[in-house]
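Trainee: Input: one structure, supplied below.
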Amino acid sequence: MEIDIDSELHRLVYEYFEARILFGFYDFEEKLQSAPKIAESFHLSPSTVRQAFSQLEKQGYVKLEERKVARVAYQPAPGECRERAYRYFAERRKGITEFNQSGRLLLQPLWKEGLSRCSDELLLEFLAKAQKNPDSMAVRVFFYTLNMLDNQLVLNFFWEIIRYVRFPYLRKETEPLPSDLTSLPRKDILTFIGRNLFRNYELELEKVFAFLDESKPESAMEQAEPVPFEWSIYRHRPQLRYTLASQIIREAMNGRYPEGTYLPSISKMAELYGVSDMTIRRTLDILAGLGVTRSYHGRGTLVCMEEGKINLSMSGVREGFRLYQESLHILSLTIYPVAQYVLAETSKEKRAALRQGFETLLSEKTSYRCFEILLSFIEENCTLDVIKECYGKLRELLAWGYPFALIRIQKQRMCSEYLDEISRMIQALSKDDIESFAGIWEELLRREADRSRTFGGL
């Protein structure tokens with residue numbers, strides 16, 4: 001089974017070998033594997049691998065010769081690779097440490113859902129392929145199972161994590177699976193894999209800490225400036241216009257740009273958001289395609305939130321809706337453990353403030369803002385930066401769903417659509433029943449995710 005996850009997968013191959021070369025995994029002039037073998041390992045086409053190696057050659061990392069395997073062309077100064085590796089991991093020590101906890105809250109629920117969709121035959125196929133892979137078995141098993149979710153955003157998040165921690169790029173060998181594993185019942189196989197995947201991360205973490213403690217170069221910085229994890233959702237997309245469109249929709253929902261009012265001029269908006277006039281124009285095109293705004297020559301751009309005026313022929317609109325669907329899917333699978341963790345770590349005063357926020361929605365009849373209220377609370381109060389980053393990005397993406405919700409629910413019902421759930425949330429928070437609160441949200445988000453998948457035949 002050939003797996004394809006991104007139109008720019010050559011970047012994965014490029015970054016994999018770049019990290020290995022720069023960190024001294026390979027020696028100068030060492031021969032690398034052939035393109036077909038690398039392609040088989042990554043489950044990519046040979047042309048994708050060749051594209052990656054072409055970039056590696058341009059950067060001076062490898063030398064390519066016709067009908068021959070690539071050779072490492074990079075020759076570092078003595079101690080350079082070790083110092084570079086030290087600096088990289090020292091700057092990310094806090095982030096990679098945090099993934100041990102954040103991964104259990106974010107990746108584990110996604111992985112378990114992917115596993116549940118695997119037949120016994122497919123699971124054994126995944127294990128066989130992972131075991132043959134010369135690099136990280138754990139990463140391969142994660143990838144195969146997450147791919148079963150049919151969610152590009154999940155895979156994007158996973159690979160961004162791998163890019164950040166880089167452990168799998170640097171392993172010399174992998175621990176083989178027990179020879180009798182595939183003969184065990186499915187339940188025992190899943191238990192073994194689940195236990196060992198996270199144990200492997202802990203072991204890699206210990207190795208990194210040992211390396212940092214014993215290998216600090218004399219020339220290294222005394223105090224490394226932390227480099228946090230950043231989720232680059234739009235790595236190969238027009239990020240500014242997507243991000244800005246989402247922001248303006250949220251601001252319209254929250255009252256900054258009320259329906260029936262005009263947005264500032266293009267030049268003023270460009271100054272306000274720190275972007276070019278062209279970016280503003282392209283953003284307004286997307287908003288018009290969503291029915292959020294309507295432009296009038298000589299008058300400006302009106303915030304209208306028109307029901308049924310979504311232009312699904314626009315690629316930007318369809319992409320935004322896909323991101324909305326996939327973000328809902330991720331939230332529905334992770335909100336239960338994440339909400340429990342965050343609320344348990346926050347003070348009673350902050351939980352009371354959250355309850356007051358929901359009570360305000362009831363009094364103002366703006367129940368549709370409940371998603372913004374909760375995700376903002378998690379982003380602001382979670383002690384784990386990775387979850388703050390992840391949920392902050394998902395909060396932005398949810399805004400894409402508002403125009404579609406207007407069609408499904410209609411304006412007159414939007415204010416009251418979630419009143420029952422909000423009342424139950426308030427009751428749970430009043431009793432300090434964190435588990436019930438998280439359960440209500442899991443139920444709500446699963447329902448919204450199901451509704452989004454059946455909307456408009458998309």
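Trainee: Residue by residue through the stretch 246-278, note down the ones that are at pLDDT 90 or above and of a type in the set (S, T, N, Q).
Mentor: 261, 265, 267, 276, listed by residue number.
Trainee: A further question follows. Within the group 322, 237, which residue is assigned to a loop (DSSP other than H, G, I, E, B) and either modelled with pLDDT under 80 or closer than 26 Å to residue 151 by Cα (or both)? Walk me through how you get there before you give the answer.
Mentor: Working: 322 fails: assigned to a loop (DSSP other than H, G, I, E, B).
Residue meeting the stated conditions: 237.
Trainee: How about the stretch 69-90: which of its residues are surrounded by fewer than 16 Cβ atoms within 10 Å (Cβ to Cβ) and either of a type in the set (S, T, N, Q) or in contact with a Pro (Cβ under 7 Å, 6 or more places away or on another chain) (or both)?
Mentor: Answer for the stretch 69-90, where residues must be surrounded by fewer than 16 Cβ atoms within 10 Å (Cβ to Cβ) and either of a type in the set (S, T, N, Q) or in contact with a Pro (Cβ under 7 Å, 6 or more places away or on another chain) (or both): 75, 79.
Trainee: Go over the candidates 205, 181, 177 one by one and state the one that is within 30 Å of residue 10 (Cβ to Cβ), surrounded by 14 or more Cβ atoms within 10 Å (Cβ to Cβ) and at pLDDT below 75. Talk me through it step by step, then tell me what you get.
Mentor: Numbers: 205 fails: at pLDDT below 75; 181 fails: within 30 Å of residue 10 (Cβ to Cβ).
Step by step, each of 205, 181, 177 is checked, and only 177 is within 30 Å of residue 10 (Cβ to Cβ), surrounded by 14 or more Cβ atoms within 10 Å (Cβ to Cβ) and at pLDDT below 75.
Trainee: Would a scan of the stretch 371-388 turn up a residue that is hydroxyl-bearing (Ser, Thr, Tyr), farther than 28 Å from residue 98 by Cβ and assigned to a helix (DSSP H, G or I)?
Mentor: So far as the stretch 371-388 goes, no, none of its residues is hydroxyl-bearing (Ser, Thr, Tyr), farther than 28 Å from residue 98 by Cβ and assigned to a helix (DSSP H, G or I).
Trainee: Taking into account only those residues within the stretch 295-308 that are surrounded by 14 or more Cβ atoms within 10 Å (Cβ to Cβ) and either at pLDDT 90 or above or farther than 22 Å from residue 401 by Cα (or both), which is nearest to the chain's Cα centre (by Cα)?
Mentor: Restricting to residues being surrounded by 14 or more Cβ atoms within 10 Å (Cβ to Cβ) and either at pLDDT 90 or above or farther than 22 Å from residue 401 by Cα (or both), the top hit is 303.
Trainee: Test each condition in (1) modelled with pLDDT under 90; (2) in a helix (DSSP H, G or I) for residue 394 and report the one that comes out false.
Mentor: (1)
Trainee: Where in the stretch 8-79 are there helices (runs of 4 or more DSSP H), lying fully within it, with 1 or more residues that are over 30 Å from residue 128 (Cβ atoms)?
Mentor: Details: elements: 10-22, 35-42, 46-58.
In the stretch 8-79, the matching helices (runs of 4 or more DSSP H) lie at 10-22, 46-58.
Trainee: Applying the selection to the stretch 265-284, what residues are surrounded by fewer than 17 Cβ atoms within 10 Å (Cβ to Cβ) and part of a loop (DSSP other than H, G, I, E, B)?
Mentor: Hits for the stretch 265-284 are 265, 274, 276.
Trainee: Right, something else. Given the condition assigned to a helix (DSSP H, G or I), modelled with pLDDT of 75 or more, surrounded by fewer than 21 Cβ atoms within 10 Å (Cβ to Cβ) and of a type in the set (Gly, Ala, Ser), answer yes or no: does some residue in the stretch 105-115 qualify?
Mentor: Within the stretch 105-115 (the criterion being assigned to a helix (DSSP H, G or I), modelled with pLDDT of 75 or more, surrounded by fewer than 21 Cβ atoms within 10 Å (Cβ to Cβ) and of a type in the set (Gly, Ala, Ser)), the answer is no, since none of the residues qualifies.
Trainee: (1) within 25 Å of the chain's Cα centre (by Cα); (2) buried (at least 21 other Cβ atoms within 10 Å of the Cβ); (3) of a type outside the set (Lys, Arg): which one isn't true of residue 239, the others all being true?
Mentor: Only one criterion in (1) within 25 Å of the chain's Cα centre (by Cα); (2) buried (at least 21 other Cβ atoms within 10 Å of the Cβ); (3) of a type outside the set (Lys, Arg) is unmet by residue 239, namely (2).
Per-residue answers, yes or no, for (1) of a type in the set (Lys, Arg); (2) surrounded by 13 or more Cβ atoms within 10 Å (Cβ to Cβ); (3) at pLDDT 90 or above; (4) not assigned by TED's automatic domain parsing to the domain that holds residue 167:
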site: 15; (1), (2), (3), (4): no, yes, no, yes
site: 21; (1), (2), (3), (4): no, yes, yes, yes
site: 25; (1), (2), (3), (4): no, yes, no, yes
site: 45; (1), (2), (3), (4): no, yes, no, yes
site: 66; (1), (2), (3), (4): no, no, no, yes
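Trainee: Something else: Looking for something within 14 Å of residue 329 (Cβ to Cβ), assigned to a helix (DSSP H, G or I) and at pLDDT 90 or above - is there at least one such residue anywhere in the stretch 133-156?
Mentor: yes
Trainee: Turning to a different aspect of this structure: Which number in (1) at pLDDT 95 or above; (2) among the aromatic types (Phe, Trp, Tyr); (3) over 16 Å from residue 327 (Cβ atoms) marks the one condition that residue 418 misses?
Mentor: Single failed check for residue 418: (1).
Trainee: Related question: Mind telling me which of the residues 359, 349 ends up being assigned by TED's automatic domain parsing to the domain that holds residue 389 and either of a type in the set (Val, Ile, Thr) or under 18 Å from residue 383 (Cα atoms) (or both)? Give the derivation first.
Mentor: On the way: 359 fails: either of a type in the set (Val, Ile, Thr) or under 18 Å from residue 383 (Cα atoms) (or both).
Among 359, 349, only 349 is assigned by TED's automatic domain parsing to the domain that holds residue 389 and either of a type in the set (Val, Ile, Thr) or under 18 Å from residue 383 (Cα atoms) (or both).
Trainee: If I filter the stretch 285-294 down to residues being assigned to a loop (DSSP other than H, G, I, E, B) and among the aliphatic types (A, V, I, L, M), which single residue comes out as surrounded by the most Cβ atoms within 10 Å (Cβ to Cβ)?
Mentor: The extreme case among them is 292.
Trainee: Kindly establish whether residue 440 is touching a Lys or Arg at 6+ places or on another chain (Cβ under 6 Å), more than 20 Å from residue 331 (Cβ to Cβ) and either modelled with pLDDT under 90 or among the β-branched types (Val, Ile, Thr) (or both).
Mentor: No; evaluated as a whole, the condition is false for this residue.
Trainee: Among the numbered criteria (1) without any contact (Cβ under 8 Å) to a residue 12 or more places away in the chain; (2) buried (at least 17 other Cβ atoms within 10 Å of the Cβ); (3) among the charged types (D, E, K, R), which single criterion is violated by residue 58?
Mentor: (2)
The values are calculated or read from the model by the stated rules, or taken from the named source; none is laboratory data. Since we're looking at a predicted model, the values are computed, not measured. Cβ coordinates were reconstructed from backbone atoms using ideal geometry, including for glycine residues, and neighbour counts include every protein chain displayed.
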